[in-house]
1. Within the chain, what whole-number % of the accessible surface is contributed by carbon and sulfur, with the 1.4 Å probe and all protein chains included in the calculation?
2. Determine ³J(HN,Hα), in whole Hz, for all residues of the range 232-244 in sequence, where each value follows from phi through the Karplus function 6.51 cos²θ - 1.76 cosθ + 1.60 and θ = phi - 60°; x replaces Gly and Pro.
3. For a distance above 21 Å, tell me the whole-number percent of Cα pairs in the range 93-238 that qualify.
4. Between the range 379-449 and the range 170-239, how many Å separate their Cα centres?
5. Per residue, how big is the convex hull around the C-alpha atoms of the range 245-321? Give it to me in cubic angstrom, could you?
6. Which order do you get for Trp16, Trp294 if you rank them by accessible area with a 1.4 Å probe, largest at the top?
7. Could you tell me the accessible area of Asp117 in Å² (1.4 Å probe, neighbours in place), rounded to the nearest ten?
8. Mind giving me the FRET efficiency for Thr77 and Phe312? R0 is 25 Å, r the Cβ-Cβ distance, nearest 0.05 is fine.
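The values are calculated or read from the model by the stated rules, or taken from the named source; none is laboratory data. Keep in mind it's a predicted model, so treat the numbers as computed, not measured. Heads up, the Cβs are rebuilt from the backbone with ideal geometry, glycines too, and the neighbour counts pull from every protein chain shown. Accessible surface is based on the protein model in full, side chains and every heavy atom, while ligands, DNA and RNA are left aside. Shrake-Rupley method; radii C 1.70, N 1.55, O 1.52, S 1.80 Å.
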Amino acid sequence: MIGSIIAQNRFGLGDWTLVESSEQGMLSEVDRAIRKGDWIVFLGWSPHPMNLKYHIDYLSGGDDTFGAGYGGATIYTDVRTGYLAECPNVGRLLENLEFTPEIESRMMALILDEHLDGSEAAGRFLTAHPALLDGWLKGVAAVDGRPGAEAVRSSLLTSGLHRFADRLDAANDWVIGHKIPLGMWLNNLVEYSMHHAQRFFDAVSGALGTVITALTTLLMRVPALLLIVVLTAGAFFLHRSPALTVFILGSLLLIDNLGYWDATIQTFSLVLFSTLVCVLLGVPIGIAAAHRPWVYKFLHPILDLMQTIPTFVYLIPTLVLFGLGVVPGLISTVIFAIPAPIRLTHLGISSVPKHLLDVGEAFGATRRQLLFKVELPHALPTIMAGVTQCIMLSLSMVVIAALVGADGLGKPVVRALNSVNIAMGFEAGLAIVILAIILDRLFKRSRGNP
């Protein structure tokens, strides 16, 4: 809808750019704008907890696009013919039950913000707003014949400690009620960083975003067929494999034919830059860990955490700190992928035979000479395996990065998921697979290579 408004230059928005992300990604940008005292225009709707959290002024003049009355509508509950006559008690409940946008927003806030399940949220809401029961349950009777409002109030006020199981539940509630606030500590740290270092994060976001955008723009200015020829020729001179060359040529032409060339270039830029950052940071860290065992003992649990924690977990703080766009996707990708070059560099350096080091020392080699002329050449195949793994891990983050506004092949996948478009999802997924295979084959050292 917003894309069509921009494409048709409605409301003078033809020169605007739509940054596709998720609902929470959009709201994080709203939070950033509020903290910085900036204005922001975004797609809001009701019911939603955003109407309770922010003071929102809905802009008028969009009835032709969104519908009359700001796109408002009345939703009815439908039942089959004759049901109200067969079940008059339930029928009266359905006829009485009315929800306003504010009521639904408050119910949604209990579920989305306080993470309650449906029954807990309903109980919490009805306890706070008991007056609604009189209207909703007027003329409705409980199973035991009591008035419905009375029965619900009695249920809400019951202590629930008459049974042993309820006492155990109460004890468990006490344990849960005194939880260790680990999440709150991290949230406070992120909020402290936002309030005291926002300019730093904005500067980092701007610098990284500029570099990636420049790289992407440079590659996209090269005609697709010319770049395909250059990449194919480079693959042939690198590996001297006619079969691989033909495969790369056909695969890139297929991507261009499907209409995903620009998205592929955007993904390639993100993967290339994230891999470069991972190698520049990961290889020196791996070398230091191999030379100092205590460093690796310290890094080991951190690397395990970086690789096993769900990617969405560290996507949240990067989104909050750096805003929508390619930068939070890049940083999350680096966090997820950098353990591979660190581990495999450590493995390669640690696996250098002792007698090779002894020979180098016998010829008077310094520590730097041992590193560059003995250890790194011997460990290079293992390090390159780490680079290849880093590329594959970076590609696996493509779709997740699209959720926070990063361009590339992840966007059509997310669009296909939202619209259940099988054709688009398959084609975009195939392009990701093809790019992964090409990069894997290009960076993999064959047995014939020195």
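1. 65
2. 5, 5, x, 5, 5, 5, 7, 10, 6, 10, x, 5, 5
3. Roughly 71 percent, rounded to a whole number.
4. Spelled out, the Cα-based centre of one part sits 16 Å from the other.
5. For the range 245-321, the hull spanned by Cα atoms encloses 161 Å³ per residue.
6. Largest accessible area first, the list is Trp294, Trp16.
7. 80
8. That pair, Thr77 with Phe312, gives E of 0.10.
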